[in-house]
Number of protein chains: 4
Amino acid sequence: MSSATLSSNFLQTGCQWKDGVKNLERNAGKVFVKCSVNSKTHKAEKEVRLGVLGASGYTGSEIVRLLANHPHFGITLMTADRKAGQSIASVFPHLISQNLPRMVAIKDADFSDVDAVFCCLPHGTTQEIIKGLPRSLKIVDLSADFRLQDISEYEEWYGQAHRARDLQKEAVYGLTEILREEIKSARLVANPGCYPTSIQLPLVPLFKANLIQSKSIIIDSKSGVSGAGRGAKEANLYTEIAEGIYSYGITRHRHVPEIEQGLSSAANSKVTVSFTPHLMPMSRGMQSTIYVEMAPGVEIKDLRQQLRLSYEDEEFVVLLEEGVVPRTHNTRGSNYCFINVFPDRIPGRAIIISVIDNLVKGASGQALQNLNVMMGFPESTGLLYQPLFP
Amino acid sequence: MSSATLSSNFLQTGCQWKDGVKNLERNAGKVFVKCSVNSKTHKAEKEVRLGVLGASGYTGSEIVRLLANHPHFGITLMTADRKAGQSIASVFPHLISQNLPRMVAIKDADFSDVDAVFCCLPHGTTQEIIKGLPRSLKIVDLSADFRLQDISEYEEWYGQAHRARDLQKEAVYGLTEILREEIKSARLVANPGCYPTSIQLPLVPLFKANLIQSKSIIIDSKSGVSGAGRGAKEANLYTEIAEGIYSYGITRHRHVPEIEQGLSSAANSKVTVSFTPHLMPMSRGMQSTIYVEMAPGVEIKDLRQQLRLSYEDEEFVVLLEEGVVPRTHNTRGSNYCFINVFPDRIPGRAIIISVIDNLVKGASGQALQNLNVMMGFPESTGLLYQPLFP
Amino acid sequence: MSSATLSSNFLQTGCQWKDGVKNLERNAGKVFVKCSVNSKTHKAEKEVRLGVLGASGYTGSEIVRLLANHPHFGITLMTADRKAGQSIASVFPHLISQNLPRMVAIKDADFSDVDAVFCCLPHGTTQEIIKGLPRSLKIVDLSADFRLQDISEYEEWYGQAHRARDLQKEAVYGLTEILREEIKSARLVANPGCYPTSIQLPLVPLFKANLIQSKSIIIDSKSGVSGAGRGAKEANLYTEIAEGIYSYGITRHRHVPEIEQGLSSAANSKVTVSFTPHLMPMSRGMQSTIYVEMAPGVEIKDLRQQLRLSYEDEEFVVLLEEGVVPRTHNTRGSNYCFINVFPDRIPGRAIIISVIDNLVKGASGQALQNLNVMMGFPESTGLLYQPLFP
Amino acid sequence: MSSATLSSNFLQTGCQWKDGVKNLERNAGKVFVKCSVNSKTHKAEKEVRLGVLGASGYTGSEIVRLLANHPHFGITLMTADRKAGQSIASVFPHLISQNLPRMVAIKDADFSDVDAVFCCLPHGTTQEIIKGLPRSLKIVDLSADFRLQDISEYEEWYGQAHRARDLQKEAVYGLTEILREEIKSARLVANPGCYPTSIQLPLVPLFKANLIQSKSIIIDSKSGVSGAGRGAKEANLYTEIAEGIYSYGITRHRHVPEIEQGLSSAANSKVTVSFTPHLMPMSRGMQSTIYVEMAPGVEIKDLRQQLRLSYEDEEFVVLLEEGVVPRTHNTRGSNYCFINVFPDRIPGRAIIISVIDNLVKGASGQALQNLNVMMGFPESTGLLYQPLFP
């Protein structure tokens, strides 16, 4: 079956157009009027059968939301240990219209009907579970477990031994625009963290082109609260978050080694960054305001020129016009990353701003982008959701 | 060209897959690295060519957002008098990836390449403008100008003479699930207001089936702020809205005659409602909490049974399971309306709750649903966006 | 010591004005500049020594905030079982400038230096603890444990036997403006719930004057999230609450019997209300929109006239001018209740709106108002905080 | 009359305690019940008579809120050109309980009963108006007009000639903790901007003690929306601000010269800063995250030690305990500034965080603090409001 046919099926899903008729039925002596007989969605079988492991968290539900309009990917397995036996609608009522399998415990999962999985499990557990999956599966792992190539870094920052060292070797870091070629042939992709995505997209090309200096990279990031997940914590209550902002994890945030790994690789020398994340009252969204020192003789227009070249053919990374400020509002719900560069008052320095939706380009959207690449589909397939504003 | 082919083109838009290559270019002696050569979206020509009149407001931009993934509808004309000459991205940066015509003043609009229009203009002006449009155009009007069948009602509530009385006669009220048959053959559809949509969807079937009484219908509605539009008003500043709620337009809101028109028609007798809208800190979303008295002998389960029958084959109107509370959060960005019915402590009374996204099912989404119907496409075409949560 | 002297001490607390001098100190060879030598607050001993039981929740911290400027009340005991041994600043950093005793476990509390207590404990536990307190203490209990005069109502709604039935008999319901005389001589005051406060203040005088009918009282209330306390619950996460609204506890909210008790007493007949609370994105604030049927021959102006008479000499309950809509924004952080009455479209009905800050007039502020009355001080002492807007 | 007596009068204002009695009145044949006869607040005459010029903006209303509990300052004049003739309650309903003079146009203002004024007018206009005020008045000016000692700086950044150059010479910059001595004898105080306050309080002592380097001061500030005032602007609508963040005025914000003036003076050499403000969804609050390079040999503990010495006797500036992160939530509605210092990952660098409420310590609170100093009252008089949390 051609993908053209499939996609057309999809778009008309739920729409076997029948003439509306008014029916009358009787029930216990009362008259009920029936307005219409349109019939509800029945998902066409899709070519690629997916499992979502850890479907009861925000990244899991976001995968489901994004896949709802994907012409080739269909979900045939969902796991959630504590919600085993439940429907997705009982956990995420906004997905009630999706016709999906009930969630099962991971130990009861049957992978015989699965071609690929999104793994949305907590770090630590993830290693063991992925180690146990059939080798035939393509895997995009949204946890931090396979992001750090240097196992000792993992063990230092996560305070525990790594239990799948061999798998680490084959894992490809899934920053799509930067490592697309490697991702194409990967079996296991380690999907980047949200902060690292927002930071590496602008900085990697600039480092590669030797346009910025590796000293004194200062990154002030602001994140929405969904990044903290759906776990019940006092710190993330509405009353504790609304109408205020605060820094957290100063110098100790676990995304630091991932950021430094990517930048060091691009710079071809060890980069140490100053990274201060802030938690603020928005459910989704992330801005990184990055203060850099340019290489001698380099000017703002050179940074912009490099970013333009790097990203002009990309669907999801957009260098804005000169002077236009990227706003998190303009990425909400979408896979876009908007970037711009501004001169600093301090001569020789530049201010780089990048914004993403932390749950999409910073997590589930990039995961889907990666799976598209891994499965040989156009990378934006099913991902062209426009931002929701206001 | 078949719609299957078209839609498949669409879905792969922006994805003429090329191998990523690394190019080197030189500019003023500096080396720039080019990451990839994916080429950007170029919209396939679509079968139906649309105009969006009044594209610089929230309902206009929402039309654009929704259409971005529609396989058959393409935008060829956009008007915005005060923003004439500007690109959509200069007014709504979140739509930057859309390749759209520049906005023109309405007086300069050329309708020769247009098959249908969404009219997102303020009431009053709308009448004149629609009167001047070519008769060949299909029109969905999002203003209030053609919603009231009784011209004198319009003149009473809007305080001005109606300037397109003849058009009023042919206008069909666009509450899709209720008036689908009439909409199919309409040329001019008056798209319902947001409050009336949230209120009529649950009440019309109950009135038609004589299950509720027409006296003492008390409606307490809560709306997000986007309903007030993008005009700069002190009352809608962040500082005036955040962290609070208030009633407004008590007994005098202009949606009252529209609500009463629909309910009176369904009840076959004059219905006068108590309607109190509230403005609260959310950009999108609307809940109507409706307190009704049941007809003698009628029970809660009868109301639920009627709503189940009325809507079980509908894509966008969903009666939730018994006891499940509809939440505006679960409709954000989508065309769904969720409804449920609860017993009241006062014997013989029921509490009905319905929620929508005021900009989608309450405005631009329903408008697109109507145009799908008018043009003979399946009604959910391009509208199956899942709600954005969190 | 006269209270005049005391209060003047307080107001100038922290302000023993000394000339600022620049001091130089040396530390490990580095020079430190000292800007000033103003000395910090040292609380004057206050006449009345208070205990705050359950100081680690929002009502407890709000008591502390309000008392910070009270000329006669000082805190000498704070309990918090799970935070025993900690300072208030470690639990509520916003109170860092307050010089307060460390929190102790309730079992270790020494009441010998305490004249009165605010009891901010969960219902159920409260009964036992209050039963064990010295009879010499004045008590304002913010829990629900002593609000219902009919023990069987308590047991029905709270699903457990009442363990302090004798105390219930002496408890006075603390709706200050309505029961001031009884509160004056009370030892144990049951501080009203937030919803019941916002509802009874407007309705009790109207029922007493026979201006409204007891049938068909429909109350649609909207509350901020702090009413749910500081416990870590998924439902109250920022991501679950922001940008949306939903009804909860429909017909089953535990404030129902308290509301009906007060209204039935005022009406001199059993009143059954329709009560639907909603949770919305604001930390503080509560609006009750109340739909009533007037007694035959009664008009809107009669309701307003009665409320004016009832409250014109009150500090904290304000009937707004005709047509002015009460807004929760205008009560934030203050002990005020704003009320107004509007005509309904349905003849013979009225819409009454009242707004409070649920943590102040709806909890800790009214508690302090009550203790002022119980101790013989002017009732607004230390409570004249103006609302915080924006 | 001693201030002790005055303050005691104030605190018991509105509380001439009378026994509540139940009165019956008759009106048109209906019975009205009167609950009580407490009489309402009548402000005692205060020693110092104040004018608030520009009372209809947020800084003006905040002055009124703060003064409500001041024992010595009473308002006898309020101006607001566009609201002339109106009561404060018609413009700011939250201040309805305050008994204040009606607002008049500035040209009609009578200063014969005024001892001091708060000038809350826009920059530009302010110069002319202050030039025309009687020399006998003490003035705290909240605009930017007299903050820059170098007139040419003013003219460069504000794009207009300064029209009160002589006054500029006598103006004292009102950063209270730093310039208290000068403020004591000032007639005209230029109240600092919000960003400059949050930045200079931590940095000035560190520069004075030569603990940090003047190069590479990078300041990433986040502000609540009230800083933008109450003017109706599309950019500040709820829908444009909620659930997102963005940088603005990058390198061009008008607070830059004020910040650099203060830091250069403290450092005794020209300091150029990188300053990037961000607008985020909170009505009040401001955080400055400041990235600095320490002087050779200086360590984090030295910075902390200096700030401790500088501020240990201050009421309103608090260095938090090691490791405790300042949060804007904990300053809301109060005059406090919380500061802390953290090590950076980049050796030799430190991260300094300071938080304030932009409308209080960043505007009206510091203005009142200054007037207290100018009039010889203890500086915290009437200002000890504790932060409102949650």
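If you go through the stretch A:172-199 and pick out every residue that is of a type in the set (Gly, Ala, Ser) and crowded, with 22+ Cβ neighbours inside 10 Å, you end up with 4. One residue alone among A:Leu307, A:Leu320 is within 30 Å of B:Ile88 (Cα to Cα), surrounded by fewer than 24 Cβ atoms within 10 Å (Cβ to Cβ), at pLDDT 95 or above and not assigned by TED's automatic domain parsing to the domain that holds A:Leu179, and that residue is A:Leu320. Candidates are the residues of the stretch B:348-390 that are touching a strand residue (DSSP E or B) at 6+ places or on another chain (Cβ under 9 Å) and on the phi > 0 side of the Ramachandran plot; the one that is farthest from the other protein chains (Cβ to nearest Cβ) is B:Gly348. When we screen B:Gln168, B:Gln213 for residues that are over 19 Å from the mean Cα position of the chain (by Cα) and farther than 30 Å from C:Lys215 by Cα, the only hit is B:Gln168. Among the residues making up the stretch C:280-301, those that are β-branched (Val, Ile, Thr) and more than 7 Å from every other protein chain (Cβ to nearest Cβ) are C:Ile290, C:Val292, C:Val298, C:Ile300. The single condition among (1) surrounded by fewer than 21 Cβ atoms within 10 Å (Cβ to Cβ); (2) in contact with a His (Cβ under 8 Å, 6 or more places away or on another chain) that A:Ser247 does not meet is (1). Scanning the stretch C:50-61 turns up no residue that is polar (S, T, N, Q), more than 19 Å from the chain's Cα centre (by Cα) and modelled with pLDDT of 95 or more. So in the stretch B:311-347, with the set limited to residues that are over 22 Å from B:Gln386 (Cα atoms) and in contact with a helix residue (DSSP H, G or I) (Cβ under 8 Å, 6 or more places away or on another chain), which one is farthest from the other protein chains (Cβ to nearest Cβ)? Among those residues, the one meeting the criterion is B:Glu322.
Check whether at least one residue in the stretch B:218-233 is within 7 Å of another protein chain (Cβ to nearest Cβ), within 23 Å of the chain's Cα centre (by Cα) and among the hydroxyl-bearing types (Ser, Thr, Tyr), and report yes or no. Within the stretch B:218-233, one or more residues are within 7 Å of another protein chain (Cβ to nearest Cβ), within 23 Å of the chain's Cα centre (by Cα) and among the hydroxyl-bearing types (Ser, Thr, Tyr). When restricted to residues that are farther than 30 Å from B:Val292 by Cβ, within 11 Å of another protein chain (Cβ to nearest Cβ) and either touching a residue at least 24 places away in the same chain (Cβ under 8 Å) or among the aliphatic types (A, V, I, L, M) (or both), the stretch C:168-217 contains 8. Restricted to strands (runs of 3 or more DSSP E) entirely inside the stretch D:66-145, those with at least 2 residues that are β-branched (Val, Ile, Thr) are D:73-79, D:138-141. In the stretch D:227-258, the qualifying residues are those that are free of Cβ contacts under 8 Å to residues at least 12 places away in the same chain and among the acidic types (Asp, Glu), and the one that is farthest from B:Ser61 (Cα to Cα) is D:Glu234. For the stretch A:94-127, the tally of residues that are within 14 Å of another protein chain (Cβ to nearest Cβ) and either of a type outside the set (Val, Ile, Thr) or touching a strand residue (DSSP E or B) at 6+ places or on another chain (Cβ under 6 Å) (or both) stands at 6.
Surrounded by fewer than 24 Cβ atoms within 10 Å (Cβ to Cβ), in contact with a Pro (Cβ under 9 Å, 6 or more places away or on another chain) and acidic (Asp, Glu): is that true of B:Glu299 in this structure? Against the criterion (surrounded by fewer than 24 Cβ atoms within 10 Å (Cβ to Cβ), in contact with a Pro (Cβ under 9 Å, 6 or more places away or on another chain) and acidic (Asp, Glu)), B:Glu299 qualifies. Using the structure shown, decide if B:Arg332 is within 30 Å of B:Gly382 (Cβ to Cβ) and under 20 Å from the mean Cα position of the chain (by Cα). Considered against the rule, which asks whether it is within 30 Å of B:Gly382 (Cβ to Cβ) and under 20 Å from the mean Cα position of the chain (by Cα), B:Arg332 comes out as yes.
Selection of the stretch D:347-390 for residues being within 11 Å of the chain's Cα centre (by Cα) and basic (Lys, Arg) yields only D:Lys361. Could you tell me which residue of the stretch D:54-108 is surrounded by the most Cβ atoms within 10 Å (Cβ to Cβ), considering only residues that are more than 20 Å from D:Ser143 (Cβ to Cβ) and among the charged types (D, E, K, R)? The extreme case among them is D:Arg102. Counting only residues that are more than 17 Å from D:Pro71 (Cβ to Cβ) and either crowded, with 24+ Cβ neighbours inside 10 Å or touching a residue at least 40 places away in the same chain (Cβ under 8 Å) (or both), the stretch D:332-390 holds 37 of them. Kindly evaluate A:Arg327 against the criterion of being out of contact with any Asp or Glu (no Cβ under 6 Å at 6 or more places or on another chain) and basic (Lys, Arg). Answer is yes for this residue.
Does the stretch C:279-286 contain any residue that is crowded, with 20+ Cβ neighbours inside 10 Å and more than 29 Å from B:Arg252 (Cα to Cα)? Yes, the conditions are met somewhere in the stretch C:279-286. If you go through the stretch D:197-221 and keep only what is within 25 Å of D:Val140 (Cβ to Cβ) and out of contact with any strand residue (DSSP E or B) (no Cβ under 9 Å at 6 or more places or on another chain), you end up with D:Gln200, D:Val204.
The values are calculated or read from the model by the stated rules, or taken from the named source; none is laboratory data. Just so it is clear, the model here is predicted, and its values are computed rather than measured. Virtual Cβ from ideal backbone geometry, glycine too; neighbours counted across all protein chains shown.
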